[in-house]
Amino acid sequence: MDHSRAPVLEALQEFRRRGDVVFGPPGHKQGRGTDPRVAEVLGLDVFRSDVLSLNGLDDRRESQGVLEQAQELMADAVGADRAFFSTCGSSLSVKTAMLSVAGPGEKLLLSRNAHKSVIAAVIINGVEPIWVHPKFDAERHMAHPPEPDDVRDRLREHPDAKGMLLITPTELGSCADIRGVADVCHAADVPLIVDEAWGAHLPFHPDLPAWGMDADADLVVTSVHKMGGAIEQSSVFHLQHDRVAADVLKQREDLLGTTSASSLVYAALDGWRRQMAEQGHELLRTALRRAERLRAALDELPGLRVMGEEIVREGLAAEFDPLKIVVDVRDLGITGMQAAEWLRAERHVDVGGSDSCRISASITHSDDDETEKILLDALRSLVDGADSIERQRPVRLPEPRALELEQAVLPRAAFFGPAEQVPAERAVGRISAETISPYPPGVPVVAPGEVITEEIVDYLRSGIEHGFLVSDAADPSLESFRVLTRP
């Protein structure tokens, strides 16, 4: 296929060339009504390119096939049979993917280290989750993806499960054996969905971890805004084989998706695919070398421990994404959250993520020599200035097994059931009626229907003292918990 083409961008360019006067949405009329104070910040071109797909990029009957052509080019670029754009982010795409495989009351295997959007999908879709627990790394206090044997064991216990949802890479770059899990699923004649939100770049360079389509997954969801070059909310479904029907996927997406899709998202996805198809190998080769230099330089700094391929050698993960710079700062006597706040306040550097142990930074094709130097200099300054950061009592990190909570009630029943707010000390032993997700990364520590334990309350409360953000809890301070009312 001709990857120099960008059908959405070309249609948008033609729309602007014609100078059409629109008497329908959006109401700003391609920027004519935009407040100049808004345009000063966002730029008028954003509004000039904000048009409806129908009677804008294409006609009412979509006879020009603008979007369809763009999606065909995307599928060809990454080796999928079909690709579908989504403008609602992968949080909604994952819900759609799950609903395409399992319906209300049916079982679906799920990695328990899933993002909160997966828990939300369980609640909305009404599926029965069969949790596949990740491999916990007690020394680093992080979860790596489950292994094929873990999936095989759960499928044997639940042969009526409709499929498996695997999260890989994690937000920290830890990757699963996708092909191994796919083989297990296909032996049981069920599909494998891969939530590859952090892996949009993987198809475009052989030195990166395995890409879901190449590893025989059936349905892969990517967030192109995370490690790619599209704007926020840019997501793509990639589909192959016949275990998930394309028409079913489209119907489920129509059920959950917006009817006012953003031309800005479509255009950004289209343009990013063209860039990667034409230049991706070279751009990512440069990014890989940059990450390698950064990792080597940071390894020399006292008090920093940089994660890398050792997690593969230790048998904790199948692969590691080298473009994720993951730095444990505990030897500096501070938390990752403190480090992130110091870097923003003192060096105007915003890292990609932080928790009680570490900070992380994503290196993409967008970085250059200047941003490489800025990050390295900022972390050198952090090492030099760490003694000036106030010491705090450590977060009370639970043992790995303490994170595997008992699922006493199905998440949907617990979330919509009769509930009450009780003080934290009275929540122990009660069934949660809410999702509790320290953010980032947004992986729930407690899901609806799980039994709250003393270790989990201690962990979360001590984390709040250190700066955990828990936006989904009814009481973000966690002085109280929302639990099911006792009969």
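The values are calculated or read from the model by the stated rules, or taken from the named source; none is laboratory data. Note that this is a predicted model, so its numbers are computed, not measured. As a convention, Cβ positions derive from the backbone with ideal geometry for all residues, glycine included, and neighbour counts pool all protein chains shown.
Kindly check whether there is at least one residue in the stretch 365-382 that is closer than 26 Å to L294 by Cβ, under 26 Å from the mean Cα position of the chain (by Cα), assigned to a loop (DSSP other than H, G, I, E, B) and of a type in the set (S, T, N, Q).
Yes - at least one qualifying residue is present in the stretch 365-382.
Would you check which residues across the stretch 102-116 are touching a strand residue (DSSP E or B) at 6+ places or on another chain (Cβ under 6 Å) and either under 22 Å from L264 (Cβ atoms) or not in a strand (DSSP E or B) (or both) and list them?
Result: A102, R112, N113, A114.
If we scan the stretch 307-325, do we find a residue that is surrounded by fewer than 22 Cβ atoms within 10 Å (Cβ to Cβ) and in contact with a Cys (Cβ under 6 Å, 6 or more places away or on another chain)?
Within the stretch 307-325, one or more residues are surrounded by fewer than 22 Cβ atoms within 10 Å (Cβ to Cβ) and in contact with a Cys (Cβ under 6 Å, 6 or more places away or on another chain).
Give me the residue from the stretch 43-72 that is crowded, with 20+ Cβ neighbours inside 10 Å and aliphatic (A, V, I, L, M) and, out of that set, modelled with the lowest pLDDT.
Once the filter is applied, the top-ranked residue is L57.
Working only within the stretch 213-225, note down all residues that are buried (at least 22 other Cβ atoms within 10 Å of the Cβ) and either over 30 Å from D189 (Cβ atoms) or over 15 Å from the mean Cα position of the chain (by Cα) (or both).
M213, A215, A217, D218, L219, V224
Go through the stretch 254-288 and give me each residue that's among the polar types (S, T, N, Q) and either modelled with pLDDT under 95 or under 16 Å from Q69 (Cβ atoms) (or both).
Those that are among the polar types (S, T, N, Q) and either modelled with pLDDT under 95 or under 16 Å from Q69 (Cβ atoms) (or both): T258, T259, S260, S262, S263.
Do you know which residues across the stretch 267-307 are within 19 Å of R380 (Cβ to Cβ) and either under 20 Å from the mean Cα position of the chain (by Cα) or assigned to a loop (DSSP other than H, G, I, E, B) (or both)?
Those that are within 19 Å of R380 (Cβ to Cβ) and either under 20 Å from the mean Cα position of the chain (by Cα) or assigned to a loop (DSSP other than H, G, I, E, B) (or both): E300, L301, P302, G303, L304, M307.
Among the strands (runs of 3 or more DSSP E) lying completely within the stretch 125-202, list those that include at least 2 residues that are touching a residue at least 60 places away in the same chain (Cβ under 8 Å) and either touching a Leu at 6+ places or on another chain (Cβ under 8 Å) or assigned by TED's automatic domain parsing to the domain that holds A408 (or both).
128-132, 135-137, 142-144, 192-195
I need a count of the residues in the stretch 16-35 that are touching a helix residue (DSSP H, G or I) at 6+ places or on another chain (Cβ under 9 Å) and assigned to a helix (DSSP H, G or I).
1
Just to be sure I understand, how many residues within the stretch 11-51 are at negative phi, under 33 Å from the mean Cα position of the chain (by Cα) and not charged (D, E, K, R)?
Matching residues across the stretch 11-51 total 17.
In the stretch 73-90, which residues are within 19 Å of A217 (Cα to Cα) and assigned to a helix (DSSP H, G or I)?
M74, A75, D76, A77, V78, S90
Is one or more of the residues making up the stretch 100-109 in contact (Cβ under 8 Å) with a residue 40 or more places away in the chain and among the acidic types (D, E)?
Scanning the stretch 100-109, I find at least one residue that is in contact (Cβ under 8 Å) with a residue 40 or more places away in the chain and among the acidic types (D, E), so the answer is yes.
Answer yes or no: is there a residue in the stretch 209-227 that is assigned to a strand (DSSP E or B) and of a type in the set (K, R).
no
Quick check on the stretch 260-275. Is at least one of its residues in the same structural domain as P148 (by TED's automatic domain parsing) and under 25 Å from G163 (Cα atoms)?
Looking for residues that are in the same structural domain as P148 (by TED's automatic domain parsing) and under 25 Å from G163 (Cα atoms), one finds none in the stretch 260-275, hence no.
Listed residues G333, G308, G303; which is farther than 30 Å from E14 by Cβ, of a type in the set (G, A, S) and touching a strand residue (DSSP E or B) at 6+ places or on another chain (Cβ under 8 Å)?
Answer to the check: G308.
Test of understanding: among L264, L316, L249, L255, which residue is in contact with a His (Cβ under 7 Å, 6 or more places away or on another chain) and either among the aliphatic types (A, V, I, L, M) or part of a loop (DSSP other than H, G, I, E, B) (or both)?
The conditions single out L316.
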